[in-house]
Amino acid sequence: MSSSVLYDAPGPKARVRNVVYTVVGSAAVLGLIVFAIYRLNIKGVLEPEVWDIFNNAGVRANIRDGVLSTLKVFALAGVLSLVLGLLLAVARLSDHKPVSWLATGFIELFRAVPLLITIYALWVLFLSYKDDLGVVGDNTAFWALVIGLTVYNGCVQAEVLRAGINAVPRGQVEAAYALGLRKTQVMTMLLVPQAVRSMLPTMISQLVVTLKDTSLGYIITYAELLYAARTMANNIIVNGENPITAVVIVVGAIYILLCLALSSLATWIERRGRRAKTGIAVAAAAEPAEAPGVLDATEGPLGPVAAAPEAPGEPAAPADEVPGSSAADGPDAPGEPGGPDLGKS
């Protein structure tokens, strides 16, 4: 039986028990689905004329306009939240205490306040000063929703980026300062790129939250997808009732598809980042080049050795006569040609 550190392979009884749990759980889920379909059928939701309303050109146009309005708010709020998050993260890590305190207070404040309250307060404020705000006053609901989403999600993105910057090894920062880089260069060339790359999946996941939070626009009567669905469900009557359930199912499926598309984008970017070939290429292995002037140990002895006798029975030469020995540094023997006679004055 094989096992690992984190998981023990189940035995025969455990395998049987897992199979039983799987069958029972699957049967329970299938039963709930059948019961839900049965109840929907009793309520008349599954009648053909209920779903035939989506063949109406006006209904499809309302859904299309709602999707476009949702994507417009999401695109603008998503980009602005990323920019605001980067600025707040850098400001919170600033060495200037007033700047750091101001950024910290702003982040903690708007993370603590519910997003719906922020959006509603901005909407009321814009309505109160509608004549003095110019372009913003003409689209109070749109800008209240965009700014509310930007402020809240920008604070969350700031914390995500700050965590990514703090995760960069301290040795890289010290090496950058040792090379003479300024703090702005270290932040823009070293810390922020690595933080964005490491935290990109989390940032895109927060963008998915931003997309779902656009549905709060129906509170301030902005014509996004949920508001369009609510309007259609209240104004259309089929078989004497409003088709609320059918509209909610269709609109919910659209939200799910949009969120799945963003999640797939996050997964694709993460895999692409792992496959990216960056850094210095490793050179191919080759035979080392022979350095000039290096002694070859196979050509002869490298240390002092005793000379072999010339003939059998003759004694070996003394160490002071062996070339390369420590005694060879002294004066040469008399009568031998070669070095100078150091024994004479």
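Numerical summary
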read-out: Gyration tensor (alpha-carbon) shape descriptor, segment 121-240, a/c threshold 1.5; value: oblate
read-out: Cα gyration tensor shape for segment 1-96, rounded if a/c is under 1.5, else prolate or oblate; value: oblate
read-out: Integer Hz, Karplus 6.51/-1.76/1.60 couplings in order for segment 167-173, x for Gly and Pro; value: 7, 5, x, 5, x, 5, 5
read-out: Phi to ³J(HN,Hα) by Karplus 6.51 cos²θ - 1.76 cosθ + 1.60 over segment 228-238, Hz, x for Gly, Pro; value: 5, 5, 5, 5, 5, 5, 7, 9, 9, 10, 10
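Just so you know, all these numbers are worked out from the coordinates, no wet-lab data involved. Every value quoted in this text rests on a predicted model; they were computed, and no experiment measured them.
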